[in-house]
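Q: The structure's right below; bear with me while I get my questions together.
The values are calculated or read from the model by the stated rules, or taken from the named source; none is laboratory data. Please read all numbers here as calculations on a predicted model, not as lab measurements. So basically every Cβ, Gly included, is an ideal-geometry build from the backbone, and we count neighbours across all protein chains shown.
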Ligand SMILES: *Cc1c(COP(=O)(O)O)cnc(C)c1O
């Protein structure tokens, strides 16, 4: 029985093997291991392909959010609205700068941030909101921006899972003050290690960000303010530039595969992108009533799957000191035990999908 992986990074590497080797060799010959020409080139190319005025590669997607918060002067005592259903890092960055993450419930319909609940949680300390384009499905950015205007909130878009996604024809990450990206190896565009990106339409913010990630440097020896070291490696810049040449094609394939899954999973609840969006399907998520049983069957059948994410933030041990506990967020807590991420990657074949669907249908209860 052929094993079906959850994703297959090996095939991506194989398809670009000589290009990747040449690009990495260049960096070695130039000995520009930190930032340097390969990263500068990637910065330009990523902006051109994704869209956005200013941007810079950085160490990873978590520190991209940390730096964004610093650039917006958010710190101790400030409150930041964060969706309760997201990857832990979205809230972690808020804590890292000394601010307080305020968890927002998700909606029954789209399983995205409930903006009415967000509005109820605004206090005079609330400084920002972080919409997350989770799974590569854009949040309704005009509604998020309207809420932000009404309550004078800064907006950081967590685009870690949403490279090339659009809302109303405009790239995600360009609606708010700052957009942040992750190139963790398993993301739609993945490095050979940790890497991230920070995007903004504001030149002043951009200048601060560029310096902040490089020790607050003005030039080699002059430090204008206290920043930190959140730079991207030269090798990652070279790898990312090379893989970027295929990102549009891979993304299109993700959309085709998602459509094929949608059609073969009629009768089950799957996540649907909003009509105004161009989704990029980082993951393909389906809801089931008997997840344990489905996962056991997949295991016996040699099919890999995942859960993103099984524990909502309010039920995470780390959130207990902030006053959160299980039972406070009924919609996210009903959703988390039901979700299953099916095998999903651009190189997936029709035969592989057919087998996943057959095994799934044989056991999964809607
Ligand atoms: C991956 C991810 C991050 C963190 O990115 P890293 O590069 O792993 O630090 C943040 N937010 C979301 C939604 C993510 O998926």
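Q: Being more than 23 Å from residue 331 (Cβ to Cβ) and either surrounded by 23 or more Cβ atoms within 10 Å (Cβ to Cβ) or in contact with a strand residue (DSSP E or B) (Cβ under 8 Å, 6 or more places away or on another chain) (or both): is that true of residue 130 here?
A: no
Q: While we're looking at this one, here's another question. Kindly evaluate residue 48 against the criterion of being free of Cβ contacts under 8 Å to residues at least 40 places away in the same chain and surrounded by fewer than 19 Cβ atoms within 10 Å (Cβ to Cβ).
A: Against the criterion (free of Cβ contacts under 8 Å to residues at least 40 places away in the same chain and surrounded by fewer than 19 Cβ atoms within 10 Å (Cβ to Cβ)), residue 48 qualifies.
Q: Here are 127, 152, 120: which of them is without any contact (Cβ under 8 Å) to a residue 60 or more places away in the chain and on the phi > 0 side of the Ramachandran plot?
A: Selected residue: 152, the only one of 127, 152, 120 that is without any contact (Cβ under 8 Å) to a residue 60 or more places away in the chain and on the phi > 0 side of the Ramachandran plot.
Q: Now, a different point. Could you check the range 124-240 for strands (runs of 3 or more DSSP E) lying wholly inside it with 3 or more residues that are within 16 Å of the ligand (Cβ to nearest atom)?
A: Of the strands (runs of 3 or more DSSP E) lying wholly inside the range 124-240, those with at least 3 residues that are within 16 Å of the ligand (Cβ to nearest atom) span 154-158, 178-182, 196-200.
Q: Any chance you could count how many residues in the range 329-353 are over 21 Å from residue 271 (Cβ atoms) and without any contact (Cβ under 8 Å) to a residue 60 or more places away in the chain?
A: So the count comes out to 2.
Q: Looking at the range 69-83, can you tell me whether even one residue there is assigned to a loop (DSSP other than H, G, I, E, B), in contact (Cβ under 8 Å) with a residue 12 or more places away in the chain and within 16 Å of the ligand (Cβ to nearest atom)?
A: No, because not a single residue in the range 69-83 is assigned to a loop (DSSP other than H, G, I, E, B), in contact (Cβ under 8 Å) with a residue 12 or more places away in the chain and within 16 Å of the ligand (Cβ to nearest atom).
Q: If you don't mind, another one. Return the residues of the range 84-96 that are outside any loop (DSSP other than H, G, I, E, B) and near the ligand (Cβ under 9 Å from one of its atoms); say none if nothing qualifies.
A: The answer is 89, 90, 92, 93.
Q: Could you tell me whether the range 97-104 includes any residue that is in a loop (DSSP other than H, G, I, E, B), more than 14 Å from the ligand (Cβ to nearest atom) and touching a strand residue (DSSP E or B) at 6+ places or on another chain (Cβ under 6 Å)?
A: Among the residues of the range 97-104, at least one is in a loop (DSSP other than H, G, I, E, B), more than 14 Å from the ligand (Cβ to nearest atom) and touching a strand residue (DSSP E or B) at 6+ places or on another chain (Cβ under 6 Å), which makes the answer yes.
Q: Could you grab me the full set of residues in the range 297-324 that are assigned to a loop (DSSP other than H, G, I, E, B) and farther than 28 Å from residue 365 by Cβ?
A: Across the range 297-324, the qualifying residues are 323, 324.
Q: Under 14 Å from the mean Cα position of the chain (by Cα) and at pLDDT 95 or above, is that true of residue 71?
A: Here the answer is no, as residue 71 does not meet what is asked.
Q: Across the range 282-294, what is the total count of residues that are in contact with a strand residue (DSSP E or B) (Cβ under 7 Å, 6 or more places away or on another chain) and under 22 Å from residue 134 (Cα atoms)?
A: The qualifying residues number 7.
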